[in-house]
């Protein structure tokens with residue numbers, strides 16, 4: 001395994017947790033930072049899951065094809 005695969009990240013700020021679902025793109029966004037915080041890097045992990053980081057802290061997780069993954073059609 002590469003160093004990137006073994007890297008651990010802290011959550012940026014759990015007090016700023018907010019979740020948003022985008023029906024048009026069938027994506028679930030989980031944010032741990034205010035909207036004005038921009039990622040330095042993004043990594044595709046697994047199938048259709050993207051994590052965004054800044055200063056070794058996790059700022060967001062994006063789950064694409066969310067309704068298909070959970071087997072439920074969302075309104």
Number of positions in the stretch 45-69 that are out of contact with any strand residue (DSSP E or B) (no Cβ under 6 Å at 6 or more places or on another chain), more than 22 Å from residue 23 (Cβ to Cβ) and surrounded by 14 or more Cβ atoms within 10 Å (Cβ to Cβ): 1
Filtered residue count, the stretch 11-44, keeping only those that are in contact with a strand residue (DSSP E or B) (Cβ under 6 Å, 6 or more places away or on another chain) and without any contact (Cβ under 8 Å) to a residue 40 or more places away in the chain: 17
Out of curiosity, is residue 19 surrounded by 11 or more Cβ atoms within 10 Å (Cβ to Cβ) and assigned to a strand (DSSP E or B)? no
Taking the stated definitions as given, is residue 41 more than 25 Å from residue 74 (Cβ to Cβ) and surrounded by fewer than 13 Cβ atoms within 10 Å (Cβ to Cβ)? yes
Only unsatisfied item for residue 72, checking (1) without any contact (Cβ under 8 Å) to a residue 40 or more places away in the chain; (2) out of contact with any strand residue (DSSP E or B) (no Cβ under 6 Å at 6 or more places or on another chain); (3) surrounded by 10 or more Cβ atoms within 10 Å (Cβ to Cβ), is (3)
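Let's see how each residue does on (1) more than 16 Å from residue 11 (Cα to Cα); (2) assigned to a strand (DSSP E or B):
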{"site": "28", "(1), (2)": "yes, yes"}
{"site": "33", "(1), (2)": "no, no"}
{"site": "37", "(1), (2)": "no, no"}
{"site": "42", "(1), (2)": "no, yes"}
{"site": "50", "(1), (2)": "no, yes"}
{"site": "53", "(1), (2)": "no, yes"}
{"site": "60", "(1), (2)": "no, yes"}
{"site": "63", "(1), (2)": "yes, yes"}
{"site": "67", "(1), (2)": "yes, no"}
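Since every read-out is calculated from the coordinates, none of them should be taken as a lab result. Source: prediction; values computed, not measured. Here the Cβ is made from the backbone with ideal geometry for all residues, glycine too, and neighbour counts use every protein chain on show.
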